[in-house]
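Structure in C-alpha cells, see below.
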Amino acid sequence: MPDHDLNDEPLNGRYANDEQLAALLQEEIVRRESQDREHRLIDSLYPDTGELSRDKYPQHLAFFRGGRTYKERLFGAGNRAGKTTAGAYELTLHLTGNYPRWWEGRRFDRPVRAWGAATTNQVARDVVQRRLFGSLVREIGESLGESYGLGTGTLPLAAIHSITPRAGLPGAIESAVIKHASGGYSQIFLKSYEMKREGFAGAEIEICWMDEEPESAIYTEALTRLMTTGGIMLLTATPLYGQTDLMRAFYEEGDRDDRRTPGNSRLLVVQTWAETPHLSEEEKQRTLKSYSPHELKARTEGVPALGAGAIFPLAQESYTFAQFQLPAHFARCYGLDVGWQFTACVWLAFDREQGICYVYREYQRERQTPDVHAADIQRAGEWIPGVIDPAAHASNQLDGRNLMSEYLRLGLKLQHADNSVEAGILRLHQQLSDGSLKIFATCQQLLADLRYYHRNERGQVVKKQDHLIDALRYAAMAGPLFAKVKPAAKKEVSLAAPARPWAWG
C-alpha cells in the first residue's frame, strides 16, 4: 500500500504507473463529469418504485442490513440472482461514503481500505472490476473515447481519482484511489485466489469482498486482515463446491435473517431463482438446459451442490419427516460406531404395518470414555438393542481394552453389525429413494453429514464426517433382525422373526 494518510490529498496521477494514462484519465473525467451526473449506475440500482424496486429484493436488503450486526456475511444465491451486483453496490457505498437515505447496513464515516477478490486474475478483471469500474481499461495509447467505459460500473467516474494498471494482464486494474464523501480518499485493491494465502497476508483493511468461494486458508487469512480495524467480510457465492468446510460454517452454523444467535459472527442469506424478479421464466428454462443435474440446486436455489461424487444425490425433502410421538408397538434398535475421536449412535424405529423405518434420534460426542457414552445411550432406553462395528473387538486407543467387551460390561445390549460398506450404502440409497426410510428433521447433524457424504475422483468413499452415517448403516443392515418392542412388565417381546417378511430383510 502507498505510504500516505488516506485523508491527505494525493497528487494527481501519483498512483498511476504511467503519466500518460493519468493525463488521459483526468481529461476523460472532466469531459464526462456532467454526463456522469445524469447517467450513474449506482443511482439506478434498488430504486423506490418500478418493476425492479428494492422491496422486490428482500434477500438483498437482508444481506445489506446484516452488516450492522455481523462481521462475516455470505450471500449464497443461484446464478444470475444479483449477488455480485449486491457485493459491488455495498462496496461502492463504503468506498465513496455516499449512502442512500434508505440504507440500514454498516456505515463508514471515513475513507476505507478494501479488497475485491475473485477466483483468477482474469475473472477479477472481467467480473469484479467490470462491475465496479465499468468496461475494461484499455492499453496505454489507445483512445479513451466512448468505448472506454470507465465509470459505467457502480463507481461513478467522478469518484475515481486515479488507477494503477495490473502488469501482465491487458485491461486489468491492480488498485484505485476513490474520492470519499468526507473529503479523503479510499483505496481498493483487486486480488485473485491465484495469489494463494500469502497474497492476502500482511495488510490491514476495513472491507473484503470475495466473489465466489475461496479456499478456507485464503478466507481465514483475509479475515485476519480485518481483526484490528473492526472490518467486515462480504462473500457472494453460488456454492458449487458442495459442503466444504467454509460453506458448512455458514449453512450449518450461520444465522439466518429470522434467527439471531447472540455472539454469532456469521450471517447466511440465500436467494433462489423463484425469488429473483429480473429473471423471466423463458430465461430460466433456457438456462436450465445447460446445467448438470447435480448442479441444479446450487445454481438455482443457492444450496451447496452435491457434486459429481455425491453418494446420496437425493433431495432431502423427500425423506425428511417431522418428528412425532412413536407408537409403543414400533420395534426399535440402534447402530453404534465407536472410537476415541468420535463415538456416534443412531436410533431406528420400525413400523411393520406400513413397512417404514424412522430414524428418530442421533448422538455424537468426541473424546469421552465408554462409561460416559454408555450412560448417554442408555437414557434413550436401556431395553433397546444395538449393533456395533465389528472393529470394536480391537483394542481401543486409550488403554488397550476391548471396546465391545467394555460396552457389554457397562450394560449395553449389543450384537455385531454387518460392516459391508458398499452393500450398506446401496441399502440406504434404495430405502431413501423408495420412501421406506425416513429421517426426523430433528436429526440435523445426520442430515448435514448425508449432504456432505461423497466419493473422491477415484470412486472411494471420503472418510470424513461419516460417523453417524456408519452408525445408520449398521442399524439399517442388521436392525430388522434385532429390533425389539418395549417389553411389558417383566416380559420382553422380540420381533426378530416378524409375522410377515420385512421389507428391509
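Would you say THR261 is touching an Asp or Glu at 6+ places or on another chain (Cβ under 6 Å), over 17 Å from PHE64 (Cβ atoms) and either open to solvent by less than 10 Å² (accessible area, probe 1.4 Å) or in a loop (DSSP other than H, G, I, E, B) (or both)?
Yes, satisfied.
So which residues in the stretch 36-50 are surrounded by fewer than 12 Cβ atoms within 10 Å (Cβ to Cβ) and modelled with pLDDT under 90?
GLU38
Determine the pairs where a residue that is closer than 10 Å to GLU104 by Cβ, located within the stretch 58-71, has a partner that is of a type in the set (Asp, Glu) and open to solvent by less than 10 Å² (accessible area, probe 1.4 Å) with Cβ atoms under 7 Å apart, the partner being 6 or more residues away or on another chain.
PHE64/GLU90
What is the number of the single condition among (1) out of contact with any strand residue (DSSP E or B) (no Cβ under 9 Å at 6 or more places or on another chain); (2) surrounded by fewer than 23 Cβ atoms within 10 Å (Cβ to Cβ) that PRO156 does not meet?
Unmet condition: (2).
Looking only at the stretch 162-193, how many residues end up being more than 21 Å from MET210 (Cα to Cα), in contact with a helix residue (DSSP H, G or I) (Cβ under 9 Å, 6 or more places away or on another chain) and either hydroxyl-bearing (Ser, Thr, Tyr) or open to solvent by less than 30 Å² (accessible area, probe 1.4 Å) (or both)?
2
Pick from the stretch 305-318 the residues that are farther than 13 Å from VAL461 by Cα and either touching a Leu at 6+ places or on another chain (Cβ under 8 Å) or modelled with pLDDT of 80 or more (or both): which of them is surrounded by the fewest Cβ atoms within 10 Å (Cβ to Cβ)?
Per the criteria, the residue is GLU317.
Need the failing condition index for GLU317 against (1) assigned to a loop (DSSP other than H, G, I, E, B); (2) closer than 26 Å to ARG455 by Cα; (3) among the acidic types (Asp, Glu), just the number.
Every condition holds for GLU317 apart from (1).
Determine whether TYR70 is part of a loop (DSSP other than H, G, I, E, B) and crowded, with 20+ Cβ neighbours inside 10 Å.
Here the answer is yes, as TYR70 does meet what is asked.
When the stretch 438-457 is examined, which residues are found to be in contact with a Lys or Arg (Cβ under 9 Å, 6 or more places away or on another chain) and of a type in the set (A, V, I, L, M)?
ALA448, the sole residue that qualifies.
Something else now. Among what's in the stretch 209-243 and is surrounded by fewer than 19 Cβ atoms within 10 Å (Cβ to Cβ) and modelled with pLDDT under 90, pick the residue that is farthest from GLU295 (Cα to Cα).
Only one residue tops the list, namely TYR241.
Here's another thing I want to ask about it. Filter the stretch 273-293 down to residues that are open to solvent by 70 Å² or more (accessible area, probe 1.4 Å) and under 19 Å from the mean Cα position of the chain (by Cα), then give me how many there are.
1
The values are calculated or read from the model by the stated rules, or taken from the named source; none is laboratory data. Treat the numbers as computed from the prediction; the structure is a model and nothing was measured. We place every Cβ from the backbone using ideal geometry, glycine too, and count neighbours over all the protein chains shown. Heavy atoms of the whole protein, side chains included, go into the accessibility calculation; ligands, DNA and RNA do not. Shrake-Rupley method; radii C 1.70, N 1.55, O 1.52, S 1.80 Å.
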